[in-house]
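Colleague: Here you go, one structure.
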Amino acid sequence: MGIELEINPIKHWMPKIDNPLLIAGPCSLESEEQAVETAKALVKDKRVFAYRGGVWKPRTRPGSFEGIGSIGLEWLQTVRKETGLPVGTEVANAQHTEEALKAGLDILWIGARSTASPFVVQEIADVVKGTDAVVMVKNPVNPDVQLWIGALERLNQAGIKNLVAIHRGYTPFGETPYRNHPNWKTVIELRRLVPNLPIICDPSHIAGKREYLYEISQKAFDMGLDGLMIESHRDPSCALSDKEQQLTPNDLAKLLDKLVIRQQVSDNKEFATQLEYLRSRIDAIDTELLETLSARMEIVKQIGRYKKDNNVMALQINRWSELMDKRVSLGENMNLNKTFVKILFQLIHEDSVRMQTEIMDQE
Ligand code: PEP
Ligand code: MN
């Protein structure tokens, strides 16, 4: 069951686009010179379609650089004048939004912390109401697709049709090399529920470190996403925020050269492309399945150690038959074949018992 939102394709507000939407620019604007110099280097690369620059910065802890403020809007206007690139910034309350609209910015985006707050999103929606603003909505900090869709709905109800979703990852739980863990499952779910919504990826805030930008960006394209928002600074070592994840415009070009950018699915009706897209989704889901199984096995090991310490047997037959019944009926509710679920859980259980027995046999 889809969710009906009236959404324009990217081409509607960016007619010149014939490639994935690439938005690049510094995490924060720091000076007019830094803003313009970075933009001039970026615009040389014809793959860059728009410029981003944070003016009001949501920082986790007070005392970090919280953005240059309203003056940055003037610098964005200069960037547009000097390079012809459409320009955008993050807005996090009604006042930011009013000022950004007044400055005639081409793109506004709502940050991950703001998307998590329906009050904030509504306040922004009330200001953009009735305009033809382009608004991009980052995923909320927690992997809640409904909250993400809720934000898009609030904007759509305010008459905003130029909408784009941005996947920037989620606050990690447990070990991950990334700053914000990507969760492609939520992206697939968003695509399934709102198929006409353009979705791009922000690999910078997922990665947190330059070294991961390539793998995340490639994955985003393999998943059929419509573009990237990526941070680029003329000299990342001096950046006042997010130093470790920003690329020089030159390194950005090198990254783009390496990426295999597939056709946008919506533009290509050919069977082969569609098949490739669907297969890439299967690949992503299979990866998630294996990650989930591995997380399950870690818990199984913990239970094994716990049982050993308490001198309890590995195989608990009552728990096992109860679990099997529950899983089979849960699977049936999800339209999965009963025999398939049964065999799957027999295999999982068999290996869990093997694992626990091994732990118990260890000295
Ligand atoms: C940003 O884009 O600079 C930013 C703060 O991102 P996020 O809302 O994804 O943390
Ligand atoms: Mn940033």
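The values are calculated or read from the model by the stated rules, or taken from the named source; none is laboratory data. Remember, predicted model here, so these are calculated numbers, not experimental data. Cβ coordinates were reconstructed from backbone atoms using ideal geometry, including for glycine residues, and neighbour counts include every protein chain displayed. These area figures cover heavy atoms from the full protein model, side chains too; ligands, DNA and RNA do not enter into them. Shrake-Rupley method; radii C 1.70, N 1.55, O 1.52, S 1.80 Å.
Colleague: Need one word for the chain: rounded, prolate or oblate. Basis is the Cα gyration tensor (sqrt eigenvalues a ≥ b ≥ c); a/c below 1.5 gives rounded, then a/b vs b/c decides.
Modeller: Verdict is prolate for the chain.
Colleague: Name the residue farthest towards the positive end of the dipole of the chain from the options 42, 23, 357, assuming +1 on Cβ of Lys and Arg, -1 on Cβ of Asp and Glu, about the Cα centre.
Modeller: 357
Colleague: Counting pairs of alpha carbon atoms under 8 Å apart in space and at least six apart in sequence, what relative contact order in percent does the chain give?
Modeller: Taking the mean separation of contacting Cα pairs over the length of the chain, I get 14 percent.
Colleague: Taking the 0 to 90 degree range and rounding to the nearest ten, how far is the long axis of helix 145-157 tilted relative to the main principal axis of the chain, both from C-alpha atoms?
Modeller: In the chain, helix 145-157 runs at an angle near 30 degrees to the longest axis.
Colleague: Turning to a different aspect of this structure: What number comes out for the charge environment of residue 240, summing +1 per Lys or Arg and -1 per Asp or Glu over other residues with Cβ under 12 Å away? List each step's numbers first, then the result.
Modeller: Details: positive: 57, 59, 243; negative: 30, 66, 235, 242.
Spelling it out: positives minus negatives among the neighbours equals -1.
Colleague: Top to bottom by accessible area (1.4 Å), largest first, where do 303, 230 land?
Modeller: 303, 230
Colleague: Now for a separate question. Relative to the longest principal axis of the chain, what angle (0 to 90°, nearest 10) does the C-alpha long axis of helix 118-128 take?
Modeller: Long axis of 118-128 versus the principal axis of the chain: about 30 degrees.
Colleague: Suppose we flag chymotrypsin sites (Phe, Trp or Tyr not before Pro) only when DSSP calls them loop and at most 16 other Cβ atoms lie within 10 Å. Which is the longest uninterrupted stretch of the chain?
Modeller: Numbers: sites that count: 65, 173.
Answer from the scan: 174-363.
Colleague: Continuing with the same structure: Rounded to the nearest 10 degrees, what's the angle between the helix 338-361 long axis and the longest principal axis of the chain, both from Cα atoms, 0 to 90?
Modeller: With both axes taken from Cα atoms, the answer is about 80 degrees.
Colleague: Go ahead and estimate [θ] at 222 nm for the chain from helices alone: -39,500 (n - 2.57) per DSSP H run with n ≥ 4, summed, over the residue count, rounded to 500.
Modeller: Estimated from H runs of four or more residues: -16000 deg cm²/dmol.
Colleague: Accessible surface of residue 210 in the full protein assembly, 1.4 angstrom probe, to the nearest 10 Å²?
Modeller: 100 Å²
Colleague: A further question on this structure: Distance between the C-alpha centers of region 1-77 and region 154-199? Whole Å please.
Modeller: 18 Å
Colleague: Select from region 164-211 those GluC sites (Glu not before Pro) which occupy a DSSP coil region and have at most 14 other Cβ atoms within 10 Å, ordered by residue number.
Modeller: Filter output for region 164-211: 175.
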